[in-house]
Amino acid sequence: MTRHETHVLPDPLNREFERDLRKIATRGVVKLFNSVLIAQEEALAEEEEEAPITPGKDRTKGAKRRRTNEKKKKQKTENQS
């Protein structure tokens, strides 16, 4: 099995350089995952705004949370009456 000509094994004397490269790569991956998470949250928020809640159809965490909050509000109004 031949190795690609540009592949170079890490030099033990350049540990700081390798560590810096690893830090840079880690920051990039964290930024990527954070941007994906933000995009997913925005898409979910838009989806929730567009679609009304229908029984049995909403299986998202946000819809469950909203139903729980609605139940709590309903219980408070019943207790106050």
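What list of ³J(HN,Hα) couplings, whole Hz, do you get for the stretch 36-48 from phi and the Karplus terms 6.51, -1.76, 1.60, once you set θ to phi - 60° and write x for glycine and proline?
5, 4, 4, 4, 5, 5, 5, 5, 5, 5, 5, 5, 5
So between ARG22 and LEU9, what do we pick up on full extension, going 0.36 nm a residue minus the alpha carbon distance?
Values: separation 13, 0.36 × 13 = 4.68 nm, distance 1.45 nm.
Here the answer is 3.2 nm.
Roughly speaking, what is the stretch gain from GLU70 to VAL36, that is 0.36 nm per residue apart minus the C-alpha to C-alpha distance, in nm to one decimal?
Separation in residues times 0.36 nm, less the Cα-Cα distance, equals 9.3 nm.
Values quoted throughout were computed directly from the atomic coordinates according to the rules given, and no laboratory measurement underlies them. Everything quoted here is computed from the prediction, not taken from an experiment.
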